[in-house]
Structures are given as structure tokens and as C-alpha cells.
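None of the figures in this text is laboratory data; all of them are computed from the coordinates on show. Being a predicted model, the structure only gives us computed values, none of them experimental. Reconstructed Cβ throughout: ideal geometry from the backbone, glycine too, with neighbour counts over all protein chains shown.
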Amino acid sequence: MAGGPPCRPSKAGAPPVSPEQLPTPRFCQLCGHALVERYLPHEERWRLQCEQCGFVHYLNPRVVAAVAPERDGRLLLMKRAWEPRAGFWTIPGGFLEMGESAEEGAVRETKEEAGVDVELRGLLGVYTRRDAGIVVVIYRGLVPDDAAPRPGAEALELRWFGPEDIPWEELAFPTTVQALRDWVADREAEAPPKST
Ligand SMILES: [Zn+2]
């Protein structure tokens, strides 16, 4: 068997490898033979195809569902405990599970990472990380007054930020920056006009 790092049993509690860090698949999931890159004229694209059975292995983006959780005009951010971008701030979110809606995934991730049952308040936006092959669906969410946020295993710390003190230089991903800009813009659009 050629190449690749040896497979070792994972240590209990070790952080998982992020999907974007995984190498390109090398073997057919139908028959186990090697995949090769071929130009498929009818699709006008290069694809990974099995040398043995002809199966085409499509590589498509994955969906992340997330929430911008707010209360009293402030946003709850979490400092990431895991790579990629450990130590940087983002909003609760994660990869959708099979059989789960985007709304369900967003609520579940917020419970896991921030310990609160968030109430969704519509879509904030849909953001694409082309380099990582990820589409992020982000909802606005209300954290109930009686909910006490506590960091889950993936968060080093949780903290409330107003629009004026968001740590723009310490945000984890370009999609986090885009989403928080949209959140701030939405808030300004909703604010009542200042009296003169
Ligand atoms: Zn095959």
C-alpha cells in the first residue's frame, strides 16, 4: 500500500481533524481501487474517477449552520478551543448532521458550544468559504433572559460584545467578519432615529 501517514488509534478526547484539512480522497468508495483525475467532457470538468469501476467521486462543499446569539443588543461570541483558528473569536456553529435541518443544527451547536437554548429570529445570511469548501448558513438568535451561557468543550471562553467593541482583528474566519458586519448593519437599520 503506497503513501499516506500510518493510521493510529485516536486518543480519547483528542480534537477531530477538520474536514478542510483532510487530503483529497485516493480510493473508490464502491470498490476500493485507486481514484485518478480525469477530464469528463460531458461535465466539462476534471473529476476524481475510479480506474476500476468508473465511479465518479464528487467533491462538494459542506454546510455549516451557525447562530449570531444576541441579548439586549449585544452579541455572544466564543473563543475557539480547537484548530483551525484556536484562540480566535467566532459565533457558535458547526457541521450539519445527516437528517438534521439547518435550523436544528444551528440550535444544537449553540447548545453544545454556549450551553443555551437559543430562539431563532430569521436568517442573517449565507456565506461561502471557497478555499475550505464550506457554506455557512447563519441565523439571528435570541438568548432568553434566564439562560446562563457556559462554554462547551469547543470554547475557551464566552463573552458578550456590543457593536462598538467587536474584536474585528481577532475574528476566526472571513465569514465571521462578513456575518458580524451584516449583524451590525442590521442593528443600525433597525435602530430608531436619533432625536435631535
Ligand atoms: Zn471503483
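Quick check for me: using +1 on Lys/Arg Cβ and -1 on Asp/Glu Cβ, what's the dipole size of the chain about its Cα centre, in debye to the nearest 20?
Around 640 debye, computed over the chain.
Tell me which residues come under 5 Å, amide H to amide H, from F27 once H is placed; ignore anything under 5 positions away on its chain.
L35
List the trypsin sites (Lys or Arg not before Pro) in the range 137-196 that DSSP assigns to loop (not H, G, I, E or B) and whose Cβ has at most 15 other Cβ atoms within 10 Å. Which are they?
Qualifying residues, ordered by number: K194.
The range 161-196 to the range 122-145: how many Å between their Cα centroids?
Between the Cα centres of the range 161-196 and the range 122-145 lies a distance of 14 Å.
I need two numbers for the range 62-190: Rg to one decimal and Dmax as a whole number, Cα atoms only, in Å.
Using the Cα atoms of the range 62-190, the pair Rg, Dmax is 13.2, 39 Å.
For a protection proxy built on the mean count of beta-carbon atoms within 10 angstrom, sort 37-49, 144-156, 101-113, 75-87 highest first, please. Kindly include the intermediate steps, with their values, before the conclusion.
Values: 37-49: 11.2, 144-156: 13.6, 101-113: 19.6, 75-87: 18.0.
Going by the mean number of other Cβ atoms within 10 Å, highest first, we get 101-113, 75-87, 144-156, 37-49.
Kindly list the residues of the range 65-103 that lie in the label zone of E164, defined by a backbone N under 14 Å from the point 7 Å along the Cα-to-C-beta vector.
Answer for the range 65-103: 74.
Mind pulling the angle between the C-alpha long axis of helix 102-114 and the longest principal axis of the chain? Nearest 10 degrees, somewhere in 0 to 90.
70 degrees
Using just the helices of the chain, give the 222 nm mean residue ellipticity in deg cm²/dmol: DSSP H runs with n ≥ 4 each add -39,500 (n - 2.57), and the total is spread over all residues, rounded to 500.
Calculated from helices alone, the mean residue ellipticity at 222 nm is -5000 deg cm²/dmol.
Specify the angular offset, from 0 to 90 degrees and rounded to the nearest 10, of the alpha carbon long axis of helix 174-190 from the longest principal axis of the alpha carbons in the chain.
The helix 174-190 is inclined about 30 degrees to the chain.
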